[in-house]
Amino acid sequence: MKLLVINCGSSTVKYQLLEMPAGDVLAKGNVERIGEEVGILKHKTADGKKVEITDEVFPTHEAGLKRVFDLLLDGTIKSLDEIKAVGHRVVHGGEKLTKTCLVDQSIIDEIERVYPLDPLHVPAHVIGLKVAQKLLPGVPNVTVFDTSFHQTIPEYAYLYAIPYSLYTDEHIRRYGAHGTSHQFVANRLAKILGKDVKDLNIISCHLGSGSSITAIQGGKSIDTSMGLTPLEGLCMGTRCGDIDPAVLTYLGRTKGMNADELDNLINKKSGLLGLSGISNDCRVLEDGVAEGKPEAIRAMNVFNYRIVKYIGAYAMVLGHVDAIIFTAGIGENSPYVRAEVCKKLGLLGVDIDLEANDCHGKERKISTDKSKVQVWIIPTNEELAIAQQTYDLVNK
Ligand code: ADP
């Protein structure tokens, strides 16, 4: 059964066509610069064919997706009828959309009510949904929410200590993000270990350009570092993570910065980029660390320290830790970050195998046999997770 997975951003569409339940990727790619003067479309098929279009205009998501369908029809599928369902990534589901859903108008209405919580991403996801409904009439659409995995977080962990009415009236609380990824790697590890995820306590570190850590007890998220938005928690590529909120009121008063300027500062100009003044890319900063550049060392020290601090906190929250998982761009590919973090986890009895750790993007255990907590690299695959959930729901 062929499934299309799409992830729509405000000017982008990422997509994969998969054969399920095997999970084989038949084609994948992305459309960028939708609505701009010239667009970009990169497309790859399982047999190694690559197409890169850089001289066409994609005025709308619909135009971009239509062009993708042309490419799919050129050798990958014979007819669009072969696409039996579409799985959509939706980054925020608010409090009501707590499960993967088969889309009907009531689901779209509910997603539209979530707009104020994430005006950057969610409206684009709804555009993707409507385009899929139009271009593939009669084909079921399924939404998989990044926030739904975190809906098991208890009230004392999701509430902010601000007037309670701001939760009841404005829905301000911790929602978390990267839920699909945290759930995927935790389930994957359980499978590798031959255990039921219900019997495991896991701390999952999704470290990419956006980063978050989740405490997973018996397969359920019980706390996560991201909050109302994906800004809270760890130091990220360009996001500040945890910060005293008074920094913002201070800057507002002393520098006259308004909400948009502050938003830009903490989302786009902070994190590794802000601290180093060099780059938001961990690879560049690791090179800087190796060359002894103080600005790179400073940024990476903050980055690594925050991870250690969260792991420590979540170890106490869980009471007992069976495994720590590293995933996403940095988690999978940076032996340096993993080693720097793990060497500070002696209190948990973590003992890392530096030789095993010296690898990129491989699924493997990187702790020694005497380590009290197993440490694993588990490559994440959010598209496959969305395809699996979509497949399960449409075949129910
Ligand atoms: P996202 O999906 O959030 O955009 P990714 O999970 O793809 O991000 O992670 C991207 C980040 O991974 C890059 O910013 C880069 O810093 C980091 N990264 C990729 N490869 C390496 C590597 N070999 N060593 C260290 N960091 C890496």
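Would you mind telling me the share, in percent, of accessible area of the chain contributed by carbon and sulfur at probe 1.4 angstrom? The partial results should precede the final answer.
Numbers: 9530 of 18530 Å².
Ligands and nucleic acids excluded, carbon and sulfur reach 51 percent.
Taking only protein heavy atoms and a 1.4 Å probe, what accessible area per residue, in Å², does region 208-336 have with all protein chains in place? Working shown, then result.
Working: 5780 Å² over 129 residues.
It amounts to 45 Å² per residue over region 208-336.
Please list, by residue number, every one of the trypsin sites (Lys or Arg not before Pro) in region 17-80 that is coil in DSSP and has at most 15 other beta-carbon atoms within 10 Å.
When the trypsin sites (Lys or Arg not before Pro) of region 17-80 are filtered for loop state and at most 15 Cβ neighbours within 10 Å, LYS49, LYS78 remain.
Considering the Cα positions of region 1-97, please state its Rg to one decimal place and its Dmax as a whole number of Å.
13.8, 42
State log₁₀ I(q)/I(0) for the chain at q = 0.14 Å⁻¹ as given by the Debye formula over alpha-carbon point scatterers of equal weight, solvent excluded.
Reported log10 I(q)/I(0), two decimals: -1.37.
Check each of the GluC sites (Glu not before Pro) in region 324-373 and keep only those in coil by DSSP with at most 16 other C-beta atoms within 10 angstrom; list them in order.
Values: sites: GLU332, GLU340, GLU355, GLU363; in loops: GLU363.
For GluC sites (Glu not before Pro) across region 324-373 that sit outside H, G, I, E and B with at most 16 neighbouring Cβ atoms in 10 Å, the list reads GLU363.
Once you compute Rg and the Kirkwood Rh from C-alpha atoms, what is the Rg to Rh ratio for region 291-360? Working shown, then result.
Values: Rg = 12.7 Å, Rh = 13.0 Å.
Rg divided by Rh gives 0.98.
At a probe radius of 1.4 Å, what is the per-residue accessible area of THR168, in Å² to the nearest 10?
Estimated to the nearest 10 Å², THR168 gives 70 Å².
If you only keep lysine pairs separated by 8 or more in sequence, or across chains, how many in region 218-326 come under 29 Å at the Cα atoms?
On the way: LYS220/LYS309; LYS255/LYS268; LYS255/LYS269; LYS268/LYS293; LYS268/LYS309; LYS269/LYS293; LYS269/LYS309; LYS293/LYS309.
Qualifying lysine pairs in region 218-326: 8.
Check every DSSP H run in the chain and write down those whose alpha carbon atoms cover 27 angstrom or more along the long axis and whose mean Kyte-Doolittle hydropathy is -0.5 or greater. Show your work: numbers first, answer last.
Numbers: long enough: 294-318 (36 Å, 0.58).
Taking the DSSP H segments of the chain (at least 27 Å long, mean hydropathy at least -0.5), we get 294-318.
Looking at the square roots a ≥ b ≥ c of the eigenvalues of the Cα gyration tensor of region 220-300, which shape do they give, rounded for a/c under 1.5, prolate if a/b is larger than b/c, or oblate? Present the calculation step by step, with values, prior to reporting the outcome.
Working: a/c = 2.57, a/b = 1.30, b/c = 1.98.
It comes out oblate by the Cα gyration axes.
In the chain, with Lys and Arg counted as +1 and Asp and Glu as -1 at Cβ, which of these residues, GLY346, GLN388, GLY312, has the Cα nearest the positive end of the dipole, that is, farthest along it?
Ranked along the dipole, the leading option is GLY346.
About the Cα centre, and with charges only on the beta carbon of Lys, Arg (+1) and Asp, Glu (-1), how big is the dipole of the chain? Nearest 20 debye, please.
The dipole magnitude comes to about 540 debye.
Please report, to two decimal places, log10 I(q)/I(0) for region 248-394 at q = 0.09, 0.17, 0.19, 0.20 Å⁻¹ as given by the Debye formula with identical point scatterers on the Cα atoms and no solvent.
Taken in order of the listed q values, log10 I(q)/I(0) reads -0.39, -1.05, -1.14, -1.19.
Determine the dipole magnitude for region 226-277: charges of +1 sit on the beta-carbon of Lys and Arg, -1 on that of Asp and Glu, nothing else is charged, the reference point is the Cα centre, and the result goes in debye to the nearest 20.
On the way: 5 positive and 6 negative charges, 34 e Å.
So the magnitude is around 160 debye.
Which percent, nearest 5, of DSSP beta bridges in the chain are antiparallel?
On the way: 40 of 59 bridges.
DSSP beta bridges in the chain are roughly 70 percent antiparallel.
On a straight-distance basis, which lysines could pair with LYS49 in a cross-link, Cα separation under 21 angstrom, same-chain partners fewer than 8 positions away excluded?
Of all the lysines, those that pass the test against LYS49 - Cα under 21 Å, at least 8 places apart if same chain - are LYS2, LYS14, LYS28, LYS66, LYS78.
Out of THR327, THR76, GLY210, whose Cα points farthest toward the positive end of the dipole of the chain (charges: +1 Lys, Arg; -1 Asp, Glu; placed on Cβ)?
THR327
Which one, ASP47, ASP81, ASP287, has the greatest fluctuation when you compute a Gaussian network model over the chain with C-alpha springs under 10 angstrom?
ASP47
Compare the Cα positions of ALA299, ALA124, LEU4 along the charge dipole of the chain (+1 at Cβ of Lys, Arg; -1 at Cβ of Asp, Glu; about the Cα centre) and return the one farthest towards the positive end.
ALA299
The values are calculated or read from the model by the stated rules, or taken from the named source; none is laboratory data. Note that this is a predicted model, so its numbers are computed, not measured. Note that each Cβ is placed from the backbone with ideal geometry, even for glycine, and that neighbours are counted across all protein chains shown. SASA here: full protein model, heavy atoms, side chains in, ligands and nucleic acids out. Shrake-Rupley method; radii C 1.70, N 1.55, O 1.52, S 1.80 Å.
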